[in-house]
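Participant: Questions regarding the structure given below will be posed in turn.
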């Protein structure tokens, strides 16, 4: 998606990425980025919270209109309300290391069979 | 002061925001995939300043979600998805996101406004904050191939220019 933003901007369309994967978007280098520090999936606001969604989209448009240089990142002030998801997502540890290795083996066998 | 310090006074052992590049590399390494995915990285970035007031701007939304189910396997994004446009007046109640790598333990995507904010944009247009919501929104597959994404970007750029889009709001899940 960041590559699409870069291309649109290069042909004269002002772009703004709203997202929650800060490192991925910033490494790609986009003109403007509103970072929403939520679990991946709801960058425009918590589900069924239209007030929050409007606040975030409104802020995004402000960033689109007021940024004066590329690679502008603004962090939205909204909070998810808990932090457990940060460590839990794609966790790797003693509790699942054997399972992940087995999953990888199964996936490679499937890919080899497809060839 | 209570026993729990306020959020502003919290102290951290490591940065608070999640590095998905690091996480995914470690996760797939634990699965035995030794050739890490190479993420796009550029030193420079293009910039087009807005040439008119926000209240006169036509705003288009761009999503990585899709209208219909596409088959996928083994955690990979679905194949067979192609870049598309769809009228904003006909927003489906649900969008297909199952194959995308969002946090399925922590949240859900049943409310499309949480990632495709067409009602929020409509309300801002009705209030005069923006000029209009573009008549169609655009969808783009998340491709492992940066070359394919480049071709999709050219198609979306063509549609944006045809429609007179001033601002593109891109929302990756």
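The values are calculated or read from the model by the stated rules, or taken from the named source; none is laboratory data. The model shown is predicted, which means the values in this text are computed figures rather than measured ones. Note: ideal-geometry Cβ built from the backbone for every residue, glycine included; neighbour counts use all protein chains shown.
Participant: Against the condition at the interface with chain B (Cβ under 7 Å from one of its Cβ atoms), surrounded by fewer than 16 Cβ atoms within 10 Å (Cβ to Cβ) and farther than 14 Å from residue B:32 by Cα, how does residue A:112 come out, does it pass?
Facilitator: For residue A:112, the condition - at the interface with chain B (Cβ under 7 Å from one of its Cβ atoms), surrounded by fewer than 16 Cβ atoms within 10 Å (Cβ to Cβ) and farther than 14 Å from residue B:32 by Cα - is not met.
Participant: Mind checking whether some residue in segment B:157-173 is surrounded by 14 or more Cβ atoms within 10 Å (Cβ to Cβ), more than 14 Å from the chain's Cα centre (by Cα) and free of Cβ contacts under 8 Å to residues at least 24 places away in the same chain?
Facilitator: Yes, there is a match, as at least one residue in segment B:157-173 is surrounded by 14 or more Cβ atoms within 10 Å (Cβ to Cβ), more than 14 Å from the chain's Cα centre (by Cα) and free of Cβ contacts under 8 Å to residues at least 24 places away in the same chain.
Participant: Further question: For segment B:47-58, what are the residues that are under 12 Å from residue A:16 (Cα atoms) and in contact with a helix residue (DSSP H, G or I) (Cβ under 6 Å, 6 or more places away or on another chain)?
Facilitator: Answer for segment B:47-58, where residues must be under 12 Å from residue A:16 (Cα atoms) and in contact with a helix residue (DSSP H, G or I) (Cβ under 6 Å, 6 or more places away or on another chain): B:48, B:50.
Participant: Output the number of residues of segment B:38-85 satisfying the condition of being in contact with a strand residue (DSSP E or B) (Cβ under 6 Å, 6 or more places away or on another chain) and not in a loop (DSSP other than H, G, I, E, B).
Facilitator: 9
Participant: Restricting to segment B:107-118, name every residue that is buried (at least 18 other Cβ atoms within 10 Å of the Cβ) and within 7 Å of another protein chain (Cβ to nearest Cβ).
Facilitator: B:107, B:109, B:111, B:113, B:114, B:115, B:117
Participant: Take residue B:137 and decide whether it is closer than 18 Å to residue A:14 by Cα, modelled with pLDDT of 95 or more and either surrounded by 17 or more Cβ atoms within 10 Å (Cβ to Cβ) or at the interface with chain A (Cβ under 9 Å from one of its Cβ atoms) (or both).
Facilitator: For residue B:137, the condition - closer than 18 Å to residue A:14 by Cα, modelled with pLDDT of 95 or more and either surrounded by 17 or more Cβ atoms within 10 Å (Cβ to Cβ) or at the interface with chain A (Cβ under 9 Å from one of its Cβ atoms) (or both) - is met.
Participant: Another question, if that's okay. Of the numbered conditions (1) closer than 29 Å to residue A:66 by Cα; (2) surrounded by fewer than 21 Cβ atoms within 10 Å (Cβ to Cβ); (3) within 12 Å of chain A (Cβ to nearest Cβ); (4) out of contact with any helix residue (DSSP H, G or I) (no Cβ under 6 Å at 6 or more places or on another chain), residue B:131 satisfies every one except a single condition; which is it?
Facilitator: With respect to (1) closer than 29 Å to residue A:66 by Cα; (2) surrounded by fewer than 21 Cβ atoms within 10 Å (Cβ to Cβ); (3) within 12 Å of chain A (Cβ to nearest Cβ); (4) out of contact with any helix residue (DSSP H, G or I) (no Cβ under 6 Å at 6 or more places or on another chain), residue B:131 is out only on (4).
Participant: Just to be sure I understand, how many residues within segment A:1-60 are facing another protein chain (nearest Cβ under 7 Å), in a helix (DSSP H, G or I) and under 20 Å from residue B:19 (Cα atoms)?
Facilitator: 7
Participant: Then there is this: Determine which member of the set A:85, A:80 is in contact (Cβ under 8 Å) with a residue 40 or more places away in the chain and assigned to a helix (DSSP H, G or I).
Facilitator: A:85
Participant: Is at least one residue of segment A:99-108 surrounded by 11 or more Cβ atoms within 10 Å (Cβ to Cβ), under 30 Å from residue B:44 (Cα atoms) and within 8 Å of chain B (Cβ to nearest Cβ)?
Facilitator: no
Participant: Okay, next question. For residue B:86, indicate whether it is at pLDDT below 90 and under 19 Å from the mean Cα position of the chain (by Cα).
Facilitator: For residue B:86, the condition - at pLDDT below 90 and under 19 Å from the mean Cα position of the chain (by Cα) - is not met.
Participant: Go through segment B:125-173 and count every residue that is out of contact with any strand residue (DSSP E or B) (no Cβ under 8 Å at 6 or more places or on another chain) and assigned to a helix (DSSP H, G or I).
Facilitator: The qualifying residues number 15.
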